[in-house]
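**Q** Okay, here's the structure, questions in a sec.
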Amino acid sequence: MQAWLKQQKQSSRLVEQLWEPLCLATLNTPISEASANLFAHVLLETFRQRDYADFLIPQVPLGDTLPAYAERYIQQQGGQISLQTRIKSLVILNNKVTAALTDNGQTIEADNIIIATGPHTSQQLLGKYWGAKDASSHPIVTVYLQCASDIHLRSPMLGLSGTTSQWIFDRGDGLLAVVISGPGSHLKLTNEQLIEHVVNELLDANIVQPSEFIRGYVIREKRATFRSTVGVCSDRPTTCSPVDGLYLAGDIINNLYPATLEGAVINGEKAAELIMKINTVS
């Protein structure tokens, strides 16, 4: 993507302050290795028309905005949700999936199964049936800074340029979430060192004052997203697996999006539609 921007005569300043932060935010992949095709699709889907997208910042955790409603709907329709239950293996007979085995010894029989896990987990579970290259990933690190309760950003989200800290979210009651996408030297720092480094950057930017910071903690998602590199789409698995009755979802499955919630929803809907179509025909 970097080469394409150079061909389009984008200035170094514009790349550093606009395209690079936007690329990391949407693809979680450095601009030097990112897929221009995936990035362009995200931009088109967002800005092609005014009503294509709304910029929304949830005031509650994402788990309360999306999964909670999905869980409620599934249960209302008679479905069952088993939390803290890990699928250990699949039962495949004559190239047809018949059941899933849990780590507590339970056998869940099924005519159709959708695997909607991350690439690493899917690959471990499916083994030779995965049929794709090893999915490499990039991390996302979030540094939470608890400041005095009356501290607020001048807007719900701020972006920084030329710093390790990339995006700062105001979570209310003085809690700031500083997000760092992709690889970098910050991964070599201990949690204490990273907190100190981020606090100093916010001090330099006059976002907080020394007396306002109370404590911090770090969340490291080591396999947050798959790498949206050039040619990645040719390596992504398709919804239909080589096994009858076994379908694949999750954001890694091939579509025009990078590793996003939108891509995961599209793939989940496609898998469900294929099952319903087959059951209707039969």
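The values are calculated or read from the model by the stated rules, or taken from the named source; none is laboratory data. All values reported here derive from a predicted model rather than from experimental measurement. Every residue, glycine as well, gets a Cβ built from its backbone with ideal geometry; the counts of neighbours run over all protein chains shown. All accessible areas refer to the heavy atoms of the entire protein, side chains included, with ligands and DNA or RNA removed. Shrake-Rupley method; radii C 1.70, N 1.55, O 1.52, S 1.80 Å.
**Q** Considering only the stretch 1-47, how many residues are hydroxyl-bearing (Ser, Thr, Tyr), touching a helix residue (DSSP H, G or I) at 6+ places or on another chain (Cβ under 7 Å) and open to solvent by 30 Å² or more (accessible area, probe 1.4 Å)?
**A** Total meeting the criteria: 3.
**Q** May I pose another question? Taking the stretch 24-36 on its own, how many of its residues are in a helix (DSSP H, G or I) and in contact with a Gly (Cβ under 9 Å, 6 or more places away or on another chain)?
**A** Looking only at that region, the number is 3.
**Q** Here's something else I'd like to know. Based on this model, can you work out whether Trp167 counts as of a type in the set (Phe, Trp, Tyr), open to solvent by 40 Å² or more (accessible area, probe 1.4 Å) and in contact (Cβ under 8 Å) with a residue 60 or more places away in the chain?
**A** yes
**Q** Is it the case, given these coordinates, that Leu176 is closer than 25 Å to Leu22 by Cα, touching a Cys at 6+ places or on another chain (Cβ under 9 Å) and either part of a strand (DSSP E or B) or at pLDDT below 90 (or both)?
**A** Yes: the conditions hold for Leu176.
**Q** Now, a different point. Just give me the residues in the stretch 86-114 being surrounded by fewer than 12 Cβ atoms within 10 Å (Cβ to Cβ) and either assigned to a loop (DSSP other than H, G, I, E, B) or on the phi > 0 side of the Ramachandran plot (or both), in sequence order.
**A** Those that are surrounded by fewer than 12 Cβ atoms within 10 Å (Cβ to Cβ) and either assigned to a loop (DSSP other than H, G, I, E, B) or on the phi > 0 side of the Ramachandran plot (or both): Arg86, Asn94, Asn95, Asp103, Asn104, Gly105.
**Q** May I ask you to list pairs of residues, at least six apart or on different chains, whose Cβ atoms are under 8 Å apart, with the first in the stretch 64-90 being farther than 22 Å from Leu125 by Cβ and the second being in a helix (DSSP H, G or I)?
**A** Here the result reads Leu66/Leu261, each pair linking the stretch 64-90 to a residue that is in a helix (DSSP H, G or I).
**Q** Could you tell me which of the residues Ile207, Ile180 is β-branched (Val, Ile, Thr) and within 25 Å of the chain's Cα centre (by Cα)?
**A** Result: Ile180 is the single residue among Ile207, Ile180 that is β-branched (Val, Ile, Thr) and within 25 Å of the chain's Cα centre (by Cα).
**Q** Just to check your reading of the model, which residue among Gln75, Gln80, Gln59 is in a loop (DSSP other than H, G, I, E, B), open to solvent by 90 Å² or more (accessible area, probe 1.4 Å) and at pLDDT 90 or above?
**A** Gln80
**Q** Among all residue pairs at least 6 apart or on different chains, which show Cβ distances below 6 Å where the first residue, located in the stretch 254-270, is touching a residue at least 60 places away in the same chain (Cβ under 8 Å) and the second is assigned to a helix (DSSP H, G or I) and of a type outside the set (Lys, Arg)?
**A** Close Cβ pairs (under 6 Å, with a partner that is assigned to a helix (DSSP H, G or I) and of a type outside the set (Lys, Arg)) amount to Leu256/His41; Tyr257/Gly263; Pro258/Leu27; Pro258/Leu38.
**Q** Hey, any hits in the stretch 138-156 for a residue that's open to solvent by 40 Å² or more (accessible area, probe 1.4 Å), under 19 Å from the mean Cα position of the chain (by Cα), modelled with pLDDT of 90 or more and of a type outside the set (Phe, Trp, Tyr)?
**A** no
**Q** Yes or no: Ile253 touching a Ser or Thr at 6+ places or on another chain (Cβ under 7 Å) and within 22 Å of Leu158 (Cα to Cα)?
**A** Against the criterion (touching a Ser or Thr at 6+ places or on another chain (Cβ under 7 Å) and within 22 Å of Leu158 (Cα to Cα)), Ile253 does not qualify.
Rundown of residues vs (1) without any contact (Cβ under 8 Å) to a residue 40 or more places away in the chain; (2) polar (S, T, N, Q); (3) within 26 Å of Thr46 (Cα to Cα), yes/no style:
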site	(1), (2), (3)
Leu175	yes, no, no
Val178	yes, no, yes
Ser181	no, yes, yes
Lys188	yes, no, no
Leu203	yes, no, no
Glu273	yes, no, yes
Met276	yes, no, no
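**Q** Ok, one more. Scanning the stretch 192-249 for residues that are open to solvent by 80 Å² or more (accessible area, probe 1.4 Å) and assigned to a helix (DSSP H, G or I), which turns out nearest to Glu269 (Cα to Cα)?
**A** Ser234
**Q** Go through (1) under 30 Å from Ser122 (Cβ atoms); (2) crowded, with 18+ Cβ neighbours inside 10 Å for Gly184 and report which single condition fails.
**A** Unmet condition: (2).
**Q** So Ser122 ticks every box in (1) within 19 Å of the chain's Cα centre (by Cα); (2) of a type in the set (Gly, Ala, Ser); (3) assigned to a loop (DSSP other than H, G, I, E, B) but one. Which box is left unticked?
**A** Exception for Ser122: condition (3).
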